[in-house]
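What follows is a set of notes on a single structure, which appears directly below.
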């Protein structure tokens with residue numbers, strides 16, 4: 001399959017294909033101002049740097065804290081771990 005300029009198209013990128021558009025997630029509600037602010041803030045951060053910061057925060061809290069963690073704090077740290085794993089997948 002060749003493009004008009006003579007270059008070959010990838011077999012995964014077919015012209016006129018709507019499969020990718022149909023599989024994209026649908027946003028069913030508007031973002032809140034706080035969600036928009038978070039996205040704007042994180043847009044300026046580099047993904048690997050953000051992952052490194054989240055891991056550092058996690059590790060300092062677990063390994064360098066002299067206070068025992070309650071269940072809510074453990075849940076929050078697990079959520080932070082899930083967040084950096086999602087960011088790693090986005091940047092992969």
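No value in this document is a laboratory result; all are computed from the given coordinates. Here the structure is a predicted model, which means the values were calculated and not measured. In this analysis, Cβ positions are derived from the backbone assuming ideal geometry, glycine residues included, and neighbour counts consider all displayed protein chains.
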Q: Collect the residues in region 51-75 that are surrounded by 10 or more Cβ atoms within 10 Å (Cβ to Cβ), free of Cβ contacts under 8 Å to residues at least 12 places away in the same chain and either more than 25 Å from the chain's Cα centre (by Cα) or closer than 18 Å to residue 91 by Cβ (or both), keeping them in residue-number order.
A: 52, 53, 56, 65, 69
Q: Could you look through region 40-50, keep only residues that are closer than 13 Å to residue 87 by Cβ and assigned to a helix (DSSP H, G or I), and pick out the one that is farthest from the chain's Cα centre (by Cα)?
A: 49
